[in-house]
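Novice: Dropping a structure here in structure tokens format, bear with me for questions.
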Amino acid sequence: MNGVQAVAKSYQLFNPRAYLQNNYVPPRADFSSEESVMCWKLRCLHEACAKGEIKGHNVVDIGSGPTIYQMLSAFEHFKEVIMTDYLEVNREELWKWLKNEPGKFDWSPYFEYVCKLEGKGEPWQNKEKRFREQVTRVIPLDIHQSCPLGKELASGSVDCLVSSFCLEACSPDLETFQKALENVVGVLKPQGHFLWIGALEESYYLAGEARLNVVPVTEEMVRAALGKAKCIIREFRTYSMTPAMKVGVDDVSGIFFVWAQKAANK
Ligand SMILES: Nc1ncnc2c1ncn2[C@@H]1O[C@@H](CSCCNC[C@@H]2Cc3ccc([N+](=O)[O-])cc3CN2)[C@@H](O)[C@H]1O
């Protein structure tokens with residue numbers, strides 16, 4: 001069994017509900033404290049999208065997992081929103097929320113916070129309704145394939161990619177991480193935008209029975225990987241985990257936020 005196969009095997013135990021409880025409720029998602037890591041992530045995404053350059057026909061979320069928060073600013077600027085994940089249990093969790101079914105995860109505090117950032121006084125329920133209407137597909141993804149989205153989306157067909165905590169969490173080593181990044185960037189149109197959030201210097205995380213290995217990356221490694229993938233860095237921001245954010249579910253030391261653009265065809 002090679003590294004990628006070992007990662008795939010480890011993900012068979014991934015528990016979406018446990019993962020959501022570990023990372024997407026207080027203290028990591030404490031909206032009463034602007035210092036919480038979630039407020040920082042949502043501010044980074046809002047501020048990049050508020051500049052008005054990131055827009056077009058379609059936006060794809062690479063490795064959604066069971067979460068939607070990462071899309072709450074970007075989706076407003078595109079007609080078609082596509083969510084993706086490797087695991088059916090995660091795609092099912094996304095559909096449960098999209099169809100407003102019993103037992104869905106409560107993302108309402110996230111909609112409220114992003115509406116506050118946008119400052120238009122819009123009721124969060126309106127934004128929630130629009131998001132549900134604009135998500136047209138939830139499709140399988142494998143970032144270790146040269147066409148990560150298979151026949152669903154051809155290379156060079158996407159205006160914008162969003163990805164949070166995926167590439168480093170399913171790559172056994174740096175070489176595989178680099179190749180996965182190049183596979184993902186291949187889906188983008190030239191000059192397409194990439195909003196990328198990831199973990200810095202993380203080596204593992206827990207999701208129920210699953211203990212998943214993560215390839216530890218530093219800011220310098222992420223910058224170098226983007227350069228090799230022919231992406232121009234527009235913005236690179238980092239967040240250092242405070243003691244309050246270290247809750248025993250991983251050994252992440254910080255978070256990065258990147259706004260990058262795929263180089264124009266030369
Ligand atoms: N071959 C594959 N291709 C694409 N996706 C794949 C593949 N294999 C697994 N996947 C997919 O990748 C997974 C993405 S979830 C990865 C979680 N990353 C680590 C976790 C996240 C997190 C969250 C929040 C905070 N914080 O401080 O607020 C810190 C941290 C750091 N720990 C999962 O959806 C799986 O389904």
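The values are calculated or read from the model by the stated rules, or taken from the named source; none is laboratory data. A quick note: this is a predicted structure, and the numbers were derived from the prediction, not measured. Please note: Cβ atoms are built from the backbone with ideal geometry, for glycine as well, and neighbour counts cover all protein chains shown. Calculation scope for accessible area: heavy atoms of the full protein, side chains included, ligands and nucleic acids excluded. Shrake-Rupley method; radii C 1.70, N 1.55, O 1.52, S 1.80 Å.
Novice: Considering Ile255, Ile232, which residue is outside any helix (DSSP H, G or I), free of Cβ contacts under 8 Å to residues at least 40 places away in the same chain and either within 9 Å of the ligand (Cβ to nearest atom) or open to solvent by 50 Å² or more (accessible area, probe 1.4 Å) (or both)?
Specialist: Ile232
Novice: Which condition from (1) assigned to a loop (DSSP other than H, G, I, E, B); (2) open to solvent by less than 10 Å² (accessible area, probe 1.4 Å); (3) more than 10 Å from the ligand (Cβ to nearest atom) is the one that Glu101 breaks?
Specialist: Unmet for Glu101, out of (1) assigned to a loop (DSSP other than H, G, I, E, B); (2) open to solvent by less than 10 Å² (accessible area, probe 1.4 Å); (3) more than 10 Å from the ligand (Cβ to nearest atom): (2).
Novice: Of Leu149, Leu153, which residue is buried (at least 16 other Cβ atoms within 10 Å of the Cβ), within 16 Å of the ligand (Cβ to nearest atom) and modelled with pLDDT under 95?
Specialist: Just one listed residue meets the conditions, Leu153.
Novice: Also, quick follow-up: Among the residues of the range 45-68, what is the count of those that are within 16 Å of the ligand (Cβ to nearest atom), within 15 Å of Val184 (Cβ to Cβ) and not in a loop (DSSP other than H, G, I, E, B)?
Specialist: Within the range 45-68, residues that are within 16 Å of the ligand (Cβ to nearest atom), within 15 Å of Val184 (Cβ to Cβ) and not in a loop (DSSP other than H, G, I, E, B) number 3.
Novice: May I pose another question? Read through the list (1) more than 19 Å from Val214 (Cα to Cα); (2) in contact with a helix residue (DSSP H, G or I) (Cβ under 8 Å, 6 or more places away or on another chain), then give the number of the only condition that Ser32 fails.
Specialist: (2)
Novice: Same structure again: Would you be able to say whether some residue in the range 213-229 is in a strand (DSSP E or B) and under 30 Å from Glu53 (Cβ atoms)? Give the derivation first.
Specialist: As a first pass, look at the range 213-229 and keep what is in a strand (DSSP E or B): 213.
Narrowing the set further to residues that are under 30 Å from Glu53 (Cβ atoms) leaves none.
No, the range 213-229 contains no residue that is in a strand (DSSP E or B) and under 30 Å from Glu53 (Cβ atoms).
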